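Taken together, the values in this text are just the output of simple stated rules run on the coordinates, not laboratory data. All figures in this text were calculated on a predicted structure; none of them were measured in a lab. Please note: Cβ atoms are built from the backbone with ideal geometry, for glycine as well, and neighbour counts cover all protein chains shown.
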Amino acid sequence: MIWLQITANTGPAECCLAVTKALAQLGREAHKAGVTVSVVEQLDGPVGGTLRSVLLELDGPAEAERELAARWCGSIQWICESPYRKLHKRKNWFLNGAAFAPPAVSTEFGEIRYEATRASGPGGQHVNKTDSAIRATHVASGLSVKVQTERSQHANKRLAAQLLLSKLGELAKSEEGKNKSDRRMHHFQAERGNAGRVFVGMGFVEKVI
C-alpha cells in the first residue's frame, strides 16, 4: 500500500477547489487501474466543497499503485478563471502531490485505545451510517484521530493506528529538535511551476504537455 497526499499548501480557495477536482480525477484513474482509494485524513478548504489537503491510501497491485502515485507526485497546474473572484486576472493555480510509505503498526509508542463511533460530517454515500468509524487514542499523550471510510471497522482500525503512529512520530521528531517529517513540511515546500500535469477549465480536462 502507498499513502498519497495531495495539497493546496497555503494557496487560496481556487487551489483548494483544484484539490477536490484532482481527487475526483484520481478516483477515476484508480478505478481503471484496479486500485482502491481510501481517504485517511482530509483538511477542508475555506469554501464548502473544497479541500486544503487530503491523505489517501492506495491499495491494489503493487505496480499499479506505484504508477498511479507517480502520476500525482510533484507540481500539478490547473488553468481556469476563478469561480470565486470574477474579475481576478490570475488563471494559474497549483497543487502538489507526494507519496509516502504508511507507518508499520507497532507498540513503539505504547498503548493505543480504540473506540467505535458513528461516522459523521459531509460525504453522502461515502459516509457510513453504522458505528464503523474508529477513534484511536494514544493513552500516554491523549492524542487521538478518527477514521471513517466505506470499508469495515477492521480496516478503519488499521488506518487509524497508522495515522496516529505517523502523528506521534512527527511529534517525537519535533520534541527532539529534529526537522519535521517530509509529509508535514510538504504543505510549505511545494513547487510553483514546472508542473508534471496540467488540467484546464472547470471540467478539469488534462492538457497534453
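Relative protection proxy for 199-206, 37-44, from highest mean packing down: 37-44, 199-206 (other beta-carbon atoms within 10 angstrom). For the stretch 194-202, putting each phi into the Karplus relation 6.51 cos²θ - 1.76 cosθ + 1.60 with θ = phi - 60° gives couplings of 6, 5, x, 9, 10, 10, 10, x, 5 Hz, in residue order, rounded to whole numbers and with x for Gly and Pro. Highest mean packing comes first when the peptides 155-168, 74-87 are listed by Cβ atoms within 10 Å, giving 155-168, 74-87. Think of each Lys and Arg Cβ as +1 and each Asp and Glu Cβ as -1; about the Cα centre, that makes the dipole of the stretch 15-63 roughly 260 debye.
So if each residue of separation counts as 0.36 nm, and I subtract the Cα-Cα distance between ARG113 and PHE100, what length gain in nm does that give?
2.2 nm
In this simple spin-label approximation, HIS31 and LYS89 carry label points 7 Å from Cα along the Cα→Cβ vector, and these lie 4.1 nm apart.
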